[in-house]
Each structure stands twice: as C-alpha cells, then as structure tokens.
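Bear in mind these aren't lab numbers, they're just calculated from the coordinates by the rules spelled out. None of the values given here were measured: they were computed from a predicted structure. Methodologically, a virtual Cβ is constructed for each residue, glycine included, from the backbone with ideal geometry; neighbour enumeration extends over all protein chains shown.
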Amino acid sequence: MGLLLAALTLLLISGGLVASYFWVSYSVRARIFDSPAALPSNRVGLVLGTARYVRGGQRNLFFIYRMEAALALFNAGKIEYILVSGDNSTHSYNEPRAMKEALIARGVPAERIIMDFAGFRTLDSVVRAKQVFGQSSLTVISQRFHNERAILIGLHNGIDMVGFNARDVYIGQGVKTYLREIPARALVLVDLFLLGTDPRFLGEPILIPPQGEVEQTFGL
C-alpha cells in the first residue's frame, strides 16, 4: 500500500510539473518572436543574466547567444536601450558587468546600456524593470524557454511584454539548464498566484536614459 501511495504521489507531482510547463508556453505563445522584422518595437530590451563562462572555463553559449540577440535588435532599431539584469551577489561574480562588456565589444554604445545588479531571479529582473526602471512596455531577450516564463511574470505584473528568442543551445550542452526549467515553471506559478513573491530588492527609481552611468550595489 505504501508503494502504491508513493507511486501515485510521484505520478501527481510529475503530471503537475508537465502541465505547468506546457501551460506557461501556451499562455504566452502570441508574444514570442524569432524574427526581428515581426517583433514590435520597444524603448527598452531586457537581457536576462547568466554566467559568462561555465564550469571548466568554457564559454557559456546561453550568454553568447543572448548578447548576439540583443545586438541584432539594437541594430535593427527595435530597441533603443538595453537593460542587462543579473546576479551581483558577490564582488567576484558580476553578470551585468560581463554583459555590458560583451555588448560594448560588439559595438553597442556604453550609454545605451543600463545595468541592474539585483536581478537574482527572473522574477526580480522583470518586476524591477517596471518598479525600479519604470518600464510598462518591454522586450525580454533570452532563450525561448526563459522568455516564456519571463513574459508570464511580466503580464502578471502589468507589463506589456514581448519576447525575442535568442538562439537555442544544443541540448547536450545545456541539459542542466533545460532540466532546471521544469521545476522553475511550477515555482513561478506558486510565486505569482499563491505567494505573491516580491523581488529581493527594489530601491529608488532609476531613470532610463540614465544621467551618466548608473550603478547600484546591494549589501556589498
């Protein structure tokens, strides 16, 4: 009897994870774009952070492809400013700084890049884009699976949001990231519809475009 209950519990959990995954994708399907030509224009593009390098010192393709996607939108005139949002929880780890450096190296003017150092989670990055950086309409830039979850968060928080899909990474090179997305989809539903989770930090409003370079650190 115990084994049967355990099996039923596992089946229910697995079913819930699968259902939440596909529900998120379905609910935002009309707001996802692969082509810059079809994408609506927005003043600001939000690039979601990830590490520049993976374990072993190899380049992170998720990072590279997001930088390439942001550059493509900027060059196409689909966005005017790029908000790079990521983790800067320690002095030695700075996703926004790495993204800004990579974009400048690709030809984006430094004054068109704004850094958000408190994007510890996707929820933080999206909600702060509105509550701190004042954006009620936004283009999010990441891989499709990530964009779908980010757009759900944005819509729930009153942001008119679309997503531009960066190139996907071959599953053999990104299997851990893809697997993490399965529970992340269930967690975002809990955050939005049950707990009402807020970002870890908010702070004073920051104007876009900035008056000089804007940098904030939190608890560093």
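Counting only DSSP beta bridges with both residues in the chain, the antiparallel share comes to about 15 percent. Evaluated with a Cβ-only charge set (Lys, Arg +1; Asp, Glu -1), region 59-218 carries a dipole of roughly 480 debye about its Cα centre, given to the nearest 20.
What net charge do the residues around Val126 carry, taking every other residue with its C-beta under 14 Å from that of Val126, with Lys and Arg at +1 and Asp and Glu at -1? Summing Lys and Arg as +1 and Asp and Glu as -1 gives 0.
Loop exposure criterion: GluC sites (Glu not before Pro), DSSP state outside H, G, I, E and B, at most 16 other Cβ atoms within 10 Å. Applied to the chain, the longest stretch between such sites is 81-212. Derived scalar couplings between HN and Hα for region 137-152 equal 9, 7, 10, 9, 10, 6, 6, 4, 4, 6, 4, 4, 5, 5, 5, 4 Hz in order, rounded to whole Hz, by the Karplus curve 6.51 cos²θ - 1.76 cosθ + 1.60 (θ = phi - 60°), x for Gly and Pro.
Sequence-ordered 3J(HN,Hα) estimates for region 102-119 from the Karplus curve with 6.51, -1.76 and 1.60 and θ = phi - 60° stand at 5, 5, 4, 4, 8, x, 7, x, 4, 6, 9, 10, 10, 9, 10, 8, 10, x Hz, glycine and proline given as x. Label zone of Ile64 (point 7 Å out along Cα→Cβ, amide N under 18 Å): in region 79-106 this covers 98-106. Sequentially through region 64-73, phi angles give Karplus couplings (6.51, -1.76, 1.60; θ = phi - 60°) of 4, 5, 5, 5, 5, 5, 4, 4, 4, 5 Hz, Gly and Pro residues having no value and appearing as x.
Positive contributions from Lys and Arg (+1) and negative ones from Asp and Glu (-1), summed over other residues with Cβ under 15 Å from the Cβ of Phe74, come out at +3. Excluding same-chain neighbours fewer than eight residues apart, the aspartates and glutamates reachable from Lys130 by a Cα-Cα span under 14 Å are Asp116, Asp160, Asp198, Glu204. Near Ile182: Cβ cut-off under 13 Å, other residues only, Lys/Arg at +1 and Asp/Glu at -1. The net charge is +2.
Shown here for region 47-80: trypsin sites (Lys or Arg not before Pro) in loop regions (DSSP other than H, G, I, E, B) with at most 11 other Cβ atoms within 10 Å, namely Arg55.
Each label point was placed 7 Å from the Cα along the Cα-to-Cβ direction; for Phe22 and Phe201 their separation is 4.1 nm. Spacing of the modelled spin labels on Ala37 and Val190, each 7 Å from Cα toward Cβ, amounts to 4.4 nm.
Remark: spin-label model distance Arg144-Tyr53 equals 3.2 nm, labels positioned 7 Å along the Cα→Cβ axis.
When the chain is described by a simple charge dipole with +1 on each Lys and Arg Cβ and -1 on each Asp and Glu Cβ, the residue from His146, Leu17, Gly158 located farthest towards its positive end is Leu17.
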